[in-house]
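The values are calculated or read from the model by the stated rules, or taken from the named source; none is laboratory data. For clarity, every value in this text was computed on a predicted model and none was experimentally measured. Using ideal geometry, Cβ is built from the backbone for each residue, glycine included, and neighbour counts are taken over all protein chains shown.
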C-alpha cells in the first residue's frame, strides 16, 4: 500500500484566499484524522471521521475550517478565508479498528503558509 | 481537559547508551497510549500502542510501559543508534479525543 497520501505537499497563499487540503487514507481503514502542527501549540486534533461520518470536530478552531469525507477513499479540509495564523503543517492520518487496535498511520503532511 | 507532558524537551546521548523517555498525563481515564517518532519534515510513525489494560509493549529495541494510576508512561530505547535521532511523541486517547505531548527531541551522537 502507498500509505496515506496528502496533497498538495506545500501551499503558499495570500490572506483571504480559500485553501483546500486533500487526503487519501489507506485502503480498508475506517478512521480518518486531521491534525495541525505548529511550534507554539504542538500537534492538535482538528476532526476525525469513522466510516465517513464526523465523530468529533471539537478541535476545529472556528467556522472558517470545514472538513468532508464524501467516500471512504477521500477527505478534504478547507479553510475559507485563510489567515496568517493558519500557517502550520496539516497532517492526515488513518487507522483500522481491528487487529492493530487503532494504530494511526500518518501522511507526510501539507505545509501551509498564509501570507 | 487532559494534559500530556514530555520531559525533557531535548536529549543528547552517545551511541550505544540505553535511554528512557518520559510521558505523563493528568487524567488516568485513558483508552490507550501511543508512542510515535517524527523525523524532520516528515509525518509521524507509530512505534508502540499500549491499551489501558496492558502494562507494556515491546518491539525490537523499544519497550514502552504504562502506569495508568500514576499517569505515566516511559519509552525505553536499548543500545541507541544515530538512526534513532528524531522527535518522540506520546499520545493518549480519552473518550473521543486524542491528546499529544510536545515531544522529546533525541540526538544520538556517533
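One residue stands out in segment A:14-32 among those that are assigned to a strand (DSSP E or B) and out of contact with any helix residue (DSSP H, G or I) (no Cβ under 9 Å at 6 or more places or on another chain): the one that is surrounded by the most Cβ atoms within 10 Å (Cβ to Cβ), namely A:32. If you go through segment A:23-39 one residue at a time, do you hit one that is without any contact (Cβ under 8 Å) to a residue 40 or more places away in the chain, within 14 Å of chain B (Cβ to nearest Cβ) and under 14 Å from the mean Cα position of the chain (by Cα)? Within segment A:23-39 (the criterion being without any contact (Cβ under 8 Å) to a residue 40 or more places away in the chain, within 14 Å of chain B (Cβ to nearest Cβ) and under 14 Å from the mean Cα position of the chain (by Cα)), the answer is no, since none of the residues qualifies.
Determine which member of the set B:85, B:12, B:65 is within 12 Å of the chain's Cα centre (by Cα), at pLDDT 95 or above and more than 23 Å from residue A:33 (Cβ to Cβ).
Working: B:85 fails: within 12 Å of the chain's Cα centre (by Cα); B:12 fails: within 12 Å of the chain's Cα centre (by Cα).
None of the other options fit; the residue is B:65.
Residues in segment A:1-13 include at least one that is more than 13 Å from chain B (Cβ to nearest Cβ), assigned to a loop (DSSP other than H, G, I, E, B) and modelled with pLDDT under 95.
Of the residues making up segment A:74-83, not a single one is within 14 Å of chain B (Cβ to nearest Cβ) and outside any strand (DSSP E or B). Here residue A:111 clears all of (1) within 12 Å of chain B (Cβ to nearest Cβ); (2) buried (at least 22 other Cβ atoms within 10 Å of the Cβ) except the condition numbered (2). Residue selection: residue A:45 satisfies the criterion of being crowded, with 17+ Cβ neighbours inside 10 Å, within 15 Å of residue B:44 (Cβ to Cβ) and either away from chain B (no Cβ under 13 Å) or at pLDDT below 95 (or both).
Kindly indicate whether residue B:93 is more than 14 Å from chain A (Cβ to nearest Cβ), touching a strand residue (DSSP E or B) at 6+ places or on another chain (Cβ under 6 Å), farther than 24 Å from residue A:111 by Cα and surrounded by 13 or more Cβ atoms within 10 Å (Cβ to Cβ). Spell out the reasoning first.
Numbers: more than 14 Å from chain A (Cβ to nearest Cβ): no; touching a strand residue (DSSP E or B) at 6+ places or on another chain (Cβ under 6 Å): yes; farther than 24 Å from residue A:111 by Cα: yes; surrounded by 13 or more Cβ atoms within 10 Å (Cβ to Cβ): yes.
Considered against the rule, which asks whether it is more than 14 Å from chain A (Cβ to nearest Cβ), touching a strand residue (DSSP E or B) at 6+ places or on another chain (Cβ under 6 Å), farther than 24 Å from residue A:111 by Cα and surrounded by 13 or more Cβ atoms within 10 Å (Cβ to Cβ), residue B:93 comes out as no.
Selection of strands (runs of 3 or more DSSP E) fully inside segment B:14-63 by the criterion of at least 2 residues being surrounded by fewer than 14 Cβ atoms within 10 Å (Cβ to Cβ) returns B:56-59.
Residue A:96: more than 11 Å from every other protein chain (Cβ to nearest Cβ) and either out of contact with any helix residue (DSSP H, G or I) (no Cβ under 9 Å at 6 or more places or on another chain) or buried (at least 21 other Cβ atoms within 10 Å of the Cβ) (or both), yes or no? If you could, list the steps in order and put the result at the bottom.
Details: more than 11 Å from every other protein chain (Cβ to nearest Cβ): yes; either out of contact with any helix residue (DSSP H, G or I) (no Cβ under 9 Å at 6 or more places or on another chain) or buried (at least 21 other Cβ atoms within 10 Å of the Cβ) (or both): yes.
Against the criterion (more than 11 Å from every other protein chain (Cβ to nearest Cβ) and either out of contact with any helix residue (DSSP H, G or I) (no Cβ under 9 Å at 6 or more places or on another chain) or buried (at least 21 other Cβ atoms within 10 Å of the Cβ) (or both)), residue A:96 qualifies.
Filtering segment B:12-30 to residues that are touching a strand residue (DSSP E or B) at 6+ places or on another chain (Cβ under 8 Å) and within 20 Å of residue B:48 (Cα to Cα) leaves B:18, B:19, B:20, B:21, B:22, B:23, B:24, B:25, B:29, B:30.
The set of residues in segment B:71-110 being in a loop (DSSP other than H, G, I, E, B) and in contact (Cβ under 8 Å) with a residue 24 or more places away in the chain consists of B:71, B:78, B:79, B:80, B:81, B:95, B:101, B:102, B:103, B:110.
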